[in-house]
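Where a number appears in this text, it was derived from the coordinates with a stated rule and is not lab data. What you see is a predicted model, and the numbers here were worked out from it, not measured in a lab. Glycine also receives a Cβ, built like all others from the backbone with ideal geometry; neighbour counts cover every protein chain displayed.
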Amino acid sequence: MPTDPSAPARLPPAILIMGPTASGKTAAAMALADRLPVELISVDSAQVFRDMDIGTAKPDASTLARYPHRLIDIISPEERYSAAKFRTDALAAMAETTAAGRIPVLVGGTMLYFLALLNGLAELPKADPALRASIDADAAALGWPAMHARLATLDPDTAARLHSTDSQRIQRALEICLLAGRPMSALLAESEQEKPPYDFLQLALLPSDRSVLHERIARRFDEMLLAGLEDEVTTLREKYTLSLDLPSMRCVGYRQVWEAQDGLMPKREMRDRGIFATRQLAKRQITWLGNSFAAETLDCLSPTLSANVLARSEHFLDGRPKV
């Protein structure tokens, strides 16, 4: 039957595989790559950094050779990477993938990046070094939980999504509120940017039993330590000019190892603090997924998770023109 020229063009498909740390996202994405004409695009604010491999759970070189991921190993640990830059890079990668007749699959756990991609970004005030210094001075005197409480009075919606010790994001949200005279959440809600020209399948890999996910996190952190996470941090500090204020060294695992190496915490506490921080990260990721996305939920603890992701993706793609 001929196509109706007056019918609206069907948007190309894209698949989002979202979930907390240790939920099996990478394995599910690779299962799709084995069966479907897809290209994998990483959505991970830690895996963008070169030479940060063990603590970010980055796929190893042989895996990446077989299953290439866009937006992995793209900047130095000395640099900073933003949600706005991610959106630009991801949309460019998606456009190239679609033009090649393939399907973009965006996989990761950085929920702010997923939100930026789906909803765009408002024009937010640029960083103000003097104001940041003032916020940091207040935090040094009062503590970041007190700064989080201050943010809750100015922007309760943003504060509700942030942990009380998430210094980087609390600082930025306070800075925006004070510079703009309005909550960051309100500015983001008024984003004028266009939605991406894709038909998205959003899949959230969430645990039916959080205690099992917590066990996975502990086991994986122990595996990272055995694989040489402490040596990796030592090598990074020797190779690059780093500090604990950089986003790369604020990543869970890296921060705890650094603090133990410098005597800022007893070394015997490093493992437990690293596991606790990772579990807190997973909790925040789960909260974001529940509050900010209209995603279909799949049990990440299911032994058939990869098959379930594949089946749902094939159903989503069914009836579309074959690529």
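Take the Cα pairs of the chain, get the Kirkwood Rh, then feed it into Stokes-Einstein at 4 °C and 1.567 mPa s and tell me D in µm²/s.
The estimated diffusion coefficient comes to 62 µm²/s.
Hey, which of these cross-link pairs are over 22 Å Cα-Cα: Lys126/Lys239; Lys85/Lys126; Lys85/Lys195; Lys85/Lys283; Lys25/Lys283; Lys58/Lys85?
Beyond 22 Å: Lys126/Lys239; Lys85/Lys283.
When the chain is modelled as a GNM with alpha-carbon springs shorter than 10 Å, which of Ala95, Ala46, Ala65 fluctuates the most?
Highest fluctuation of the listed residues: Ala65.
Select from the range 64-152 those trypsin sites (Lys or Arg not before Pro) which occupy a DSSP coil region and have at most 16 other Cβ atoms within 10 Å, ordered by residue number.
Here the trypsin sites (Lys or Arg not before Pro) that fit, given the DSSP loop and packing criteria, are Arg80, Arg102, Lys126.
When we measure straight from the Cα of Lys267, which aspartates and glutamates land under 13 angstrom away, once same-chain ones fewer than 8 places off are left out?
Within reach: Glu230, Glu259.
With the chain treated as a Gaussian network of Cα nodes joined by springs under 10 Å, which of Leu117, Leu162, Leu131 yields the largest mean-square fluctuation?
Result for the chain, Cα springs under 10 Å: Leu131 fluctuates most.
Quick one: net charge around Ser134, please, counting Lys, Arg +1 and Asp, Glu -1 for every other residue with C-beta under 13 Å from its C-beta.
-2
Testing the spin-label approximation: label points 7 Å from Cα along Cα→Cβ at Arg35 and Ile74. State their distance in nm.
Once both label points are built, they end up 2.8 nm from each other.
Which of Phe276, Phe86 has the fewest other C-beta atoms within 10 Å, and how do the rest follow up to the most?
The most exposed by this proxy come first: Phe276, Phe86.
Would you mind telling me which residue in Ala152, Ala133, Ala160 has the biggest mean-square fluctuation in a Gaussian network model of the chain, where springs connect alpha carbons within a distance under 10 angstrom?
Ala133
Loop only per DSSP, at most 10 neighbouring Cβ atoms within 10 Å: give me the GluC sites (Glu not before Pro) in the range 145-201, ordered by residue number.
Here the sparse-neighbourhood loop sites are Glu190, Glu192, Glu194.
Counting only helical runs of four or more DSSP H residues, what would the 222 nm mean residue ellipticity of the chain come to if each run contributes -39,500 (n - 2.57) and the total is spread over all its residues? The partial results should precede the final answer.
Details: 15 runs with 171 residues, N = 323.
It lands at -16000 deg cm²/dmol.
Under a plain spin-label model, where a point goes 7 Å from the Cα along Cα-to-Cβ, how far apart in nm are Thr297 and Leu226?
For Thr297 paired with Leu226, the spin-label model returns 3.3 nm.
Along the Cα→Cβ direction, 7 angstrom out, place labels at Leu264 and Ser243. What is the inter-label distance in nm?
1.1
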